[in-house]
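First up is the structure itself, then whatever we jot down about it.
The values are calculated or read from the model by the stated rules, or taken from the named source; none is laboratory data. All values reported here derive from a predicted model rather than from experimental measurement. Cβ: placed from backbone, ideal geometry, glycine included. Neighbour counts: every protein chain shown. These accessible areas exclude ligands, DNA and RNA; they are computed on the full protein's heavy atoms, side chains included. Shrake-Rupley method; radii C 1.70, N 1.55, O 1.52, S 1.80 Å.
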Amino acid sequence: MTHRHTADLAVVADLNRVRIDVPAVLQRLVDQAGRGAYTSIGFPGAVDLDHSAVLARLGRRLWNNIGDPATDPGGVAHTKALERAVVAWVADTLAMPADDRWGYVTSGGTEGNLAALHAAHRRHPRAVVYHSTAAHYSIGKIVGIIGAPGVAVHARPDGEMDYAHLAAQIRRRRTRPAIVVATAGTTMTEAVDDTAEIGRVLATHDPGGYLHVDAALSGIPLALDGRLRLDPTSGIDSIAVSGHKFFGVPMPCGVVLIRARARENGGGGSTHGGHIAYTGTPDTTISGSRCGLAAALLWHAIATHGREGHRWRAAEARRLAAYAVDRLTAAGWPAWRHPHAFTVVFPTPPAPVREKWLLATDGDLSHLICMPGVTRGQIDAFVTDLTASRSAPPIPRPRARPTPAS
Ligand SMILES: Cc1ncc(COP(=O)(O)O)c(C=O)c1O
């Protein structure tokens, strides 16, 4: 179905056509996305916030936050004041010390991971990067880009890192510093690696190390609960979150935060890029030109709801996820979730159900995600389709731990 629509669109959107009906092409895009909206419960984009005021007011102009977030570029068409406000809000929510933080609005979780791991590698050029097999695919790619050796650490069936295996792998390379990537909200099961446990492993490692948290999905909700903190005792050096997931911003974006200390290289110098004369800003970010509209959208999402509003959104989403587990289990389809999670995991349904509901699937496990804005009606309709499809397959339920990591 989807492929046929895309093929049709490719024909009418072909730029070599003699006559192109531009409004019709745009309308088809809107219709196509609209048709899939109700059954789109497999991917983690919130759909409850209205961002249209920002797009209506700012959408006609280029807002370019080029270069370092702290320095305004020449010209006035940028949103760096809003970007700095967003970065400060996220850092405050994470209890990050005000005098030991640096960050910016990125193009997404991937760029945040790249910026952080690039800084880590500059600080520890001889380090080995450790990440679990449940880490996001961007991590392996970034390890290749920065040119560091990477080691995959086992993950448990519920998606959390195997800390004994991490310790053993680090011991095998005892002369090399260790950069460890923890995940707060793994892509398939929304597992949260225990940063305190990883910190204990790193504390006994003589050449030292660096701890980055890829918190694309769960970073903001866990921070709002006080369950993810970058206070001075946390041992965490950096974190990356996505902006289009929990905040549902209608363009890919994110925030990266790095301890100011961790950005210094081993010789005490700084990883800050040099000042670029013609942009008027230091070149410290991965991208040069950066999307000021994304920063404004994030700012608007935060300003219009505040911490309490976003806490409520997270709590509602978790309530719906608990409801989905109950409904699926009662229907004979053995579902489970981590206690903090929006993600509900279950044995992979037959293809027609999987495809209709756009479920994320990895072999015999699939998930749906109760992001803010998903409704009970959608869960009920999904369960009805599922029970109509066939009886539940006998796949055992991995045991989730009762509480997420700090
Ligand atoms: C754990 C994790 N890290 C990183 C990413 C990448 O984020 P983005 O798509 O914003 O680049 C994702 C996206 O799903 C993710 O789940």
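Points to keep in mind about this one:
- Candidates ALA296, ALA324 - the one that is open to solvent by less than 60 Å² (accessible area, probe 1.4 Å), over 19 Å from HIS244 (Cβ atoms) and at pLDDT 95 or above: ALA324
- The listed residues are LEU359, LEU368, and the only one of them that is in contact (Cβ under 8 Å) with a residue 60 or more places away in the chain and either surrounded by fewer than 17 Cβ atoms within 10 Å (Cβ to Cβ) or over 30 Å from VAL54 (Cα atoms) (or both) turns out to be LEU359.
- Residue in segment 228-240 that is farthest from ASP100 (Cα to Cα), counting only those that are open to solvent by less than 10 Å² (accessible area, probe 1.4 Å) and among the β-branched types (Val, Ile, Thr): ILE239
- Scanning segment 42-61 for residues that are free of Cβ contacts under 8 Å to residues at least 24 places away in the same chain and more than 15 Å from HIS300 (Cα to Cα) gives ARG60, ARG61.
- On inspection, ASP225 does not qualify as open to solvent by 40 Å² or more (accessible area, probe 1.4 Å), farther than 28 Å from ASP194 by Cβ, among the charged types (D, E, K, R) and more than 16 Å from the ligand (Cβ to nearest atom).
- Taken together, the residues in segment 228-254 that are under 26 Å from GLY59 (Cα atoms), more than 10 Å from the ligand (Cβ to nearest atom) and touching a residue at least 60 places away in the same chain (Cβ under 8 Å) amount to 5.
- Within segment 152-253, helices (runs of 4 or more DSSP H) holding 3 or more residues that are farther than 27 Å from VAL105 by Cβ: 163-172, 195-203
One line per residue, one yes/no per condition, for (1) out of contact with any strand residue (DSSP E or B) (no Cβ under 6 Å at 6 or more places or on another chain); (2) in the same structural domain as LYS245 (by TED's automatic domain parsing); (3) at pLDDT below 95:
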residue: GLY75; (1), (2), (3): yes, yes, yes
residue: ARG84; (1), (2), (3): yes, yes, no
residue: ALA98; (1), (2), (3): yes, yes, no
residue: GLY108; (1), (2), (3): no, yes, no
residue: ALA116; (1), (2), (3): no, yes, no
residue: HIS165; (1), (2), (3): no, yes, no
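- Verdict on LEU82 being under 28 Å from SER234 (Cβ atoms), in contact (Cβ under 8 Å) with a residue 60 or more places away in the chain, open to solvent by less than 60 Å² (accessible area, probe 1.4 Å) and within 16 Å of the ligand (Cβ to nearest atom): no
- Only one of TYR278, TYR210 that is surrounded by fewer than 18 Cβ atoms within 10 Å (Cβ to Cβ) and assigned by TED's automatic domain parsing to the domain that holds HIS154: TYR278
- Identity of the residue in segment 116-142, open to solvent by less than 10 Å² (accessible area, probe 1.4 Å) and in a helix (DSSP H, G or I), that ends up nearest to the ligand (Cβ to nearest atom): SER138
- Out of VAL181, VAL151, one residue alone is free of Cβ contacts under 8 Å to residues at least 60 places away in the same chain, in contact with a helix residue (DSSP H, G or I) (Cβ under 6 Å, 6 or more places away or on another chain) and either within 15 Å of the ligand (Cβ to nearest atom) or assigned by TED's automatic domain parsing to the domain that holds LEU114 (or both). It is VAL151.
- Condition met for GLY112 (within 16 Å of the ligand (Cβ to nearest atom) and not acidic (Asp, Glu)): yes
- Every pair of residues 6+ apart whose Cβ atoms lie under 6 Å, when the first sits in segment 90-117 and is closer than 18 Å to ALA294 by Cα while the second is away from the ligand (no atom under 16 Å from the Cβ): ALA91/ARG101; GLY103/VAL87; TYR104/PRO69; VAL105/GLU83
- In segment 184-221, of all residues being over 30 Å from PRO252 (Cα atoms) and touching a Ser or Thr at 6+ places or on another chain (Cβ under 7 Å), the one that is nearest to the ligand (Cβ to nearest atom) corresponds to ALA196.
For every residue, the table says whether it meets (1) out of contact with any Leu (no Cβ under 9 Å at 6 or more places or on another chain); (2) in the same structural domain as VAL192 (by TED's automatic domain parsing).
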site: ALA296; (1), (2): no, yes
site: TRP299; (1), (2): no, yes
site: ARG313; (1), (2): no, no
site: ARG319; (1), (2): yes, no
site: THR329; (1), (2): yes, no
site: HIS338; (1), (2): yes, no
site: PHE342; (1), (2): no, no
site: VAL345; (1), (2): no, no
site: PRO349; (1), (2): no, no
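- Single unsatisfied condition, ILE145 versus (1) more than 16 Å from the ligand (Cβ to nearest atom); (2) open to solvent by 30 Å² or more (accessible area, probe 1.4 Å); (3) of a type in the set (A, V, I, L, M): (1)
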